[in-house]
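The values are calculated or read from the model by the stated rules, or taken from the named source; none is laboratory data. What you are looking at is a predicted structure, and each value in this text was computed from that prediction instead of being measured. Glycine also receives a Cβ, built like all others from the backbone with ideal geometry; neighbour counts cover every protein chain displayed. Note: accessible area is taken over every heavy atom of the protein model, side chains too, but ligands, DNA and RNA are not part of it. Shrake-Rupley method; radii C 1.70, N 1.55, O 1.52, S 1.80 Å.
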Amino acid sequence: MNICVVGCGYVGLTTATALSHLGHDVTGLDIDSKKIESLNNGICIIHEDGLESMLQRQIECGTLNFSTSIDEYMQKSEVIIIAVGTPSNETGQTDLKYIERVIERIASTKPDHQVQPIVIKSTVPPGTNEYVQNRLIQSGRDSESFSVISNPEFLREGSALYDLLHPDKIVVGGTDPIDLELIRKMYACLPSQYFFTTPITAEIIKYASNAFLATKISFINEIQRICEAYRGDVSIVAEAIGCDPRIGPHFLNAGLGYGGYCLPKDIQSLSHSAIEKGVVPSLLHAVERVNNSQVDNYIDMLEKNIGNLKDRKISIWGLAFKPNTDDTRDSPSYRLIDKLYEKGAVLTAYDPAATNTSKHTAFSKNQYESVKGSDVLIIATDWKDFIDADWKKVKEQMCGATILDARNCLNPSALRSAGLKYLALGRH
Ligand code: UGA
């Protein structure tokens, strides 16, 4: 198939590259000419496992290219995939301005193909696919000349390529069984469970999935607080309850809370959609409340243990919102940095992949130098490099000896045997 993917962010770039790998002729489109130039030179603009080598291979094969000529490729492609960002506004509502811009351009192009499917991969509130359909008809496009298909993505940053090629499900929201056939063909019949449903249901599946993951995290963070109060161990609680197949072991790691571009905004957007129809999203609100107070809990614990934070030298390992990515959008690490800064602490951060965008902390390029002279080291992201750190070396560099494990990822006895003091919430 001849496919164009509009938007070369995490989702669009991974999708374009993987679809070319699956045998299609793909063009990734974006308005950012610098990004397009880098991509055409085989430089992957994001930190994503395996993506750069696949991107280079596909460009060499001649089945993947990138362009800013959006109208030209939208006109000649058999299928248009929309993968532009859907940020939220101040009230948490999804801002569809980028989707709007793409629709305007689609409306003004005359496709070479008789019927041109438009696949919406961007995460959009319930009702958006229908809205896009109506907007295109209103703008003069013949309703027989296109179809709008919802095909939400379930890719985790850091393992997006793997997830795309090994899907646990493929969701297709459409109105005609032909839509399902098209999506099957697009994924080269990847073995997976296919759910063919209405566009609205497909849109809700996407939000429900992220909302459930966030709920699991806030649930275990609340249990963590109870464990802390009673001196129980939340890691053992999570491991034990996770053995029950009805609960499952994933997303039960207590810590600083969830961040990133997806979970926080999707919870807000779903709450917004619920309220718009008169449904009170009590649980979603509670999930957010728990998440938003996690950083404060860690600050309280630190103050209880080392006293006033003013002028204390604190190192932070981890800026990315989770390991194996350089993405710092809505990272709990930055929430922590801002609060520590407000308290007057003197900060140095280190991350293996992410760059520092905060004015409130210095940045060190070396993991061990970053802790030189520190009173406290906080683990804010559970990178493997931190889990496997040389704790004797850390101890030699630090001035104090306190390690706050804000991701419950370290082995307390390894730290203690290196002469360090292990601190964590709900874990002792
Ligand atoms: C999330 C979903 O997991 C994907 O399925 C979805 O496709 C994607 O959003 C999206 O909508 O595009 P991602 O944003 O990459 O993927 O991040 P997650 O792996 O879900 O992690 C989110 C946050 O939860 C991170 O800050 C992580 O540290 C935190 N987390 C995760 C915990 O605090 N505890 C856990 O047990 C697991």
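Data overview
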quantity: Under 23 Å, Cα to Cα: Lys pairs in region 7-112, sequence gap 8 or more or different chains; calculated: 5
quantity: Accessible carbon and sulfur surface of the chain relative to its total accessible area, %, 1.4 Å; calculated: 52 percent
quantity: Test item: Cα-centred dipole of region 310-428, Lys/Arg +1 and Asp/Glu -1 on Cβ, debye; calculated: 360 debye
quantity: Accessible area of region 16-147 divided out per residue, in Å², using a probe of 1.4 angstrom; calculated: 46 Å²
quantity: Cα extents of region 340-399 along the three principal axes, largest first (Å); calculated: 30, 26, 17
quantity: Computed label-point distance, nm, for sites Ser38 and Ile275 using a 7 Å Cα→Cβ extension; calculated: 3.6 nm
quantity: Region 139-272: Lys pairs at Cα distance under 21 angstrom, eight or more positions apart or on different chains; calculated: 6
quantity: Ranked packing of 8-19, 82-93, most packed first, by mean Cβ within 10 Å; calculated: 8-19, 82-93
quantity: Residue-normalised accessible area of region 150-197, expressed per residue, 1.4 Å probe, Å²; calculated: 47 Å²
quantity: Gyration tensor verdict on the chain (Cα atoms; rounded if a/c is under 1.5, prolate if a/b is larger than b/c, oblate otherwise); calculated: prolate
quantity: Lysine-lysine proximity count for region 346-428, Cα under 25 Å, sequence distance 8 or more or distinct chains; calculated: 18
quantity: Cα-based helix-to-principal-axis angle, 97-108 vs the chain, degrees rounded to 10; calculated: 10 degrees
quantity: Helix 282-306 vs. the chain, principal-axis angle (Cα, 0 to 90°, nearest 10); calculated: 30 degrees
quantity: Within the chain, helix-based [θ] at 222 nm, where runs of 4 or more DSSP H residues each add -39,500 (n - 2.57), nearest 500; calculated: -13500 deg cm²/dmol
quantity: Lys169 paired with Glu52, simple spin-label distance in nm, labels 7 Å along Cα-to-beta-carbon; calculated: 3.5 nm
quantity: Relative contact order %, the chain, counting alpha carbon pairs below 8 Å whose residues are six or more apart; calculated: 12 percent
